[in-house]
1. So if we plug the beta-carbon distance of residue B:284 and residue A:444 into 1/(1 + (r/R0)^6) with R0 = 51 Å, what FRET efficiency do we get, rounded to 0.05?
2. With labels modelled as points extended 7 Å from the Cα through the Cβ direction, what inter-label distance (nm, one decimal) is found for residue A:277 paired with residue A:39?
3. Pairs A:373/B:286; A:221/B:50; A:361/B:222: which exceed 27 Å Cα-Cα?
4. Taking +1 at the Cβ of each Lys and Arg and -1 at the Cβ of each Asp and Glu, which of B:154, B:522, B:450 sits farthest along the dipole of the protein assembly as shown towards its positive end, judged by Cα position relative to the Cα centre?
5. Hey, can you grab everything whose amide H is under 5 Å from the amide H of residue A:336? Only 5+ residues off in sequence or another chain; H modelled, so Pro and N-termini drop out.
6. Can you say what percent of the DSSP beta bridges in the protein assembly as shown, counting only those with both residues inside, are antiparallel? Round to 5.
7. If you restrict to DSSP beta bridges whose two residues both lie in segment B:513-625, what percentage is antiparallel, to the nearest 5?
8. Can you compute the radius of gyration and Dmax for chain A, using only the Cα atoms, both in Å?
2 protein chains.
Amino acid sequence: MPPWTTPPLAAVRLSDLYLCPRQDANHAVTIPACLQKCRETGRLEAFGLKLRKGQQPEPVVWWDSDVAKVAEGMAHDLALYPDAARERELEDLVALIISAQRPDGYLNTYFTSIEPGKRWTCLAHDHELYNAGHLMEAAVAHHAATGRTRFLEAMCRCADHIASMFGTGPGQIRGCPGHPEIELALVKLARASGQDRHLALAKRFVDERGREPNFFDAEAKKCGRPHPGLVNMQAHRPVRQQTEAVGHAVRAMYFYSAMADLAAETDDTALLDACHRLWDELTRHKLYVTGGIGSSRDNEGFTAPYDLPNETAYSETCAAIGLVFWAQRLLAITPHRRYADLIEIALYNAILSGVSLDGVKFFYDNPLASNGKHARQDWFGCSCCPTNVGRLLSALPQYIANASADGLWVHQYISSQVTADVNGTPVALNQQTDYPRSSKIRITVNPAVPVRFTLRLRIPEWTETAPARERTHAICINDVPLVSPIGSNGYAEITRDWCRNDTLTLTLPLALRHIHARPEVSDDAGRAALMRGPIVYCVEEADNGKSLASVILPDLATWREVPGDGIFQHFTLLETDAARAPVPCDPDAPLYSSAPQPLAPKKLRAIPYALWDNRGVGEMRVWMLV
Amino acid sequence: MPPWTTPPLAAVRLSDLYLCPRQDANHAVTIPACLQKCRETGRLEAFGLKLRKGQQPEPVVWWDSDVAKVAEGMAHDLALYPDAARERELEDLVALIISAQRPDGYLNTYFTSIEPGKRWTCLAHDHELYNAGHLMEAAVAHHAATGRTRFLEAMCRCADHIASMFGTGPGQIRGCPGHPEIELALVKLARASGQDRHLALAKRFVDERGREPNFFDAEAKKCGRPHPGLVNMQAHRPVRQQTEAVGHAVRAMYFYSAMADLAAETDDTALLDACHRLWDELTRHKLYVTGGIGSSRDNEGFTAPYDLPNETAYSETCAAIGLVFWAQRLLAITPHRRYADLIEIALYNAILSGVSLDGVKFFYDNPLASNGKHARQDWFGCSCCPTNVGRLLSALPQYIANASADGLWVHQYISSQVTADVNGTPVALNQQTDYPRSSKIRITVNPAVPVRFTLRLRIPEWTETAPARERTHAICINDVPLVSPIGSNGYAEITRDWCRNDTLTLTLPLALRHIHARPEVSDDAGRAALMRGPIVYCVEEADNGKSLASVILPDLATWREVPGDGIFQHFTLLETDAARAPVPCDPDAPLYSSAPQPLAPKKLRAIPYALWDNRGVGEMRVWMLV
């Protein structure tokens, strides 16, 4: 079991001005809209097992996973927004899903209705195990939210059926899924059911990946369909020997998450070492400043180190969500702010950009520059991103704080009330802040009875990259300044006898910073990004007109922080009069000339990157000339 | 007929240090290699009409065009390099091609062997008219080179068969080709055969394109295959009303060339006006500094104005060749240096980059930046570019000079001997120069008898964009300086009684220039390109290491012009010690930081863009930080 315990969702209440409106939109709009899309497109009907080849839209092998992720989101959401009608809707959906399960435990609409003879014949492409994994995650969430067990039991039966099919015994398939997912789901299932056999199946799938002779090569020959590439599936080397984040980014994140889970469950240091190597490699070479990953549309994934184009950035919403899943697991096993820092950056930038403020439109890919054509859509043929946003935003509370053996860890500064158990004593942590808009975070610590423990507060690494005069964070307890050491893990540690209403104030420096990429990142050369705290800013055509690639950023000191209004309420915007830009060209002037266009001062307004394309399509840019 | 006459290829001899080695490689290597590839892949065998579906490689509807372009190149080449063995080889090829013609005149290997029932059923996709057009061009070239008529006659019969199939009469198809090509070929056929009926067919195809109701929409319904888009085929509007270069770039160029041809043949001012509008629009919005066009791989063509990405630039070799075809036609109808300037820039940059110095490897797409993965290949599944390079390089002499009613025009400064007819008097023009390496061009004018006429010399527009002190060109006749006016068409005009061995010296300023793009071109913002005369330079990893996107160009004055050696013999290279670049980063340093990497001086060597990737793959960049 992991060394930490996360408070159940129902033990957390968010009141954050930044995130609560997002969670409200997720509850009120996104989750119902995704359910409706599943209904309209036939994904729900599919569980009636009357799918026919050729029906429109054409059924696809991954349909079940969309329904599963909606169900998971609905379950998380129910814990946050108890509602009898929603609960009935969820129970109806669960009943529908379970009704499709076959007597042997198998549960998959496509291969029950459309190609019943092809069960388990093409793991590289057919997503059967991927779907089953998402259904298991949904079942665990349903159980956690409602205490009801029928879905969990159904998915345990499904897991047992799968366990009977896969292995090295006679007649069994020695294989693993083309799209990882079931591995992490089986760990969740084991934890929820208390059944270690599900863990053993997860381990079998993890250990199989990349082993020689390679299962996928043999399968491709047998079924006559070329597999999508061993690298694409992270099956190019035994997992414990992998050193570079490669292939399809979402597959990689789900798989690395399972590696971390199994490392924690089985004390497998070789798996954990591989995770740490992969993390280092990814974050040093393949990470957008927004926390997005997977730069190429061609493979929906990773390419060469430093290949981070902005306008064609794929940076799939699901990949950033997967990165958060992985980071959260590594944070629990080897606590270090690097993981919580990246969770924060990915959440506030690459993930929140994936959904419009009103919760109805989604980016699949999240580029860092647009020449005016990229816009959110309300659904996709492969609609993994909307449903992933739905289940992540409804599960946000679990990222805030954890209890460990000797106390509490605060990872994310989000206005909230969290109740956690510290060695048998319930402790309520009440955060009040409008961070990341302002720099002050006030945390009231309320143990049921006075108790001694260590409270650890993440001091983000970016606080050390701010200009020197602002580099210090400050902590007060009951208004008395406190000098608290920052551990090598990047957390300030405060060990004391905590009493009712002890109030702790943390101030983090939020000075605006220019971010520069390494010179190897060709698209960012000669350019800088603007960050304030964890928020990446961008400039948008709606505020600044066109030709934004040619605008030159001014000195940091010339920017004014201004409160947003309208849809930007609760957000800090940035304005300056001191940017420079080429004087607009005569439309008839030639395309090329031997003299540069003269520069003139330009007013510029920057908004948080995650908020772009909420006022219609237009140009957008994160990296600006300096 | 066009207002100008072009000396036949055999009347021109090249001796140019820059281009002759290219033409030699084309003769010795490229054309034989393309013929061999046609043999190996089954494209020649196809004319035996024994193609079978499923054979490997799978026959494709455009195969005939590759063979046709090889034959055309062989014919041009024969005029330059008379050789009995080569002539026999060509005649054998011609005999093979003609053998596939059906009794009714139809000539197409795919639809004769593989889908005989589908003749003319899907013009949007099936390339039947495109192939026929290339075969007609080959036949005209064969006739011009050898005087033999069997191929020309066969293609006239083929044209007559096509004329019988297409039109508004009973049972005829009221359509036009999805991929333009036959239109310009029919004009050539009409000129070579003297038969105006081929012109009428060309005009029918041109006039049909974009008419309502749109043929392609009706055809798509009938044959059940969606067409590739009306815009893609320039069929979105009647051609005389078109205002923007759109769609597939090669289709556009071939079609605009035919529009210009017909405008000249029929004095159709509406067609000519459309050509001028399209030219202006294209050159103002959609032209790479290399003369490449068609920025997107998705449609192999045009996108929005100013959308000119460098690393993903498609800039297909064939599209730049098509641009040269179109420019040459407009130059003949409405003489202006703008056309000859662009022919020069496209030839020396976007086209010559399409083939390796040794003539064996080809770019299909010619990006202006590479992160080290783009490399020439020896053939392609759709191998239009190698065969197009073959026929262009063998036809280069026809771009040098023309005769008009009142004299001679010199468009391109290439060491050569051209014999042209000026009102009945043969005049030999002997150019001696190693322009564009050096700035002096010496032209000896040798009329058979003394004769008065106007000699016009192109003064490239870029001479007026050089730094002021170098902006002047200079002309001497028999070593006496001459002040000659530059006409509004950009040509210096010298009218006099020309005598034997009159020697004219033209000096063009070749000072290095920085080129800046309009601020709307996002990929070029904050960057400049280096040009010297018509030559675009680039920096390559082989000389300068990696991370070239971060290198900052120095002042122009710091560059030294150095003569190249080895494979770069005859080329001027550029060197400086004053560039700046970020100090190389510690490999373990983070990807992002709040301080820019310090800069250090850097030596830089630039080579002509067309010569990159002749020393192995690696980074390359045209546009550099300034």
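1. Details: r = 64 Å, r/R0 = 1.26.
That pair, residue B:284 with residue A:444, gives E of 0.20.
2. Rounded to a tenth, the inter-label distance reads 5.0 nm.
3. Numbers: A:373/B:286 17 Å; A:221/B:50 32 Å; A:361/B:222 37 Å.
Those over the limit are A:221/B:50; A:361/B:222.
4. B:154
5. Those lying under 5 Å, H to H, from residue A:336: there are none.
6. Working: 160 of 172 bridges.
The antiparallel proportion sits near 95 percent.
7. Values: 24 of 25 bridges.
Among the beta bridges of segment B:513-625, antiparallel pairing accounts for roughly 95 percent.
8. 24.7, 77
Just so you know, all these numbers are worked out from the coordinates, no wet-lab data involved. On a predicted model such as this, the values are computed, not experimentally measured, just so you know. Neighbour counts are summed over all protein chains in view; Cβ atoms, including those assigned to glycine, are modelled from backbone coordinates with ideal geometry.
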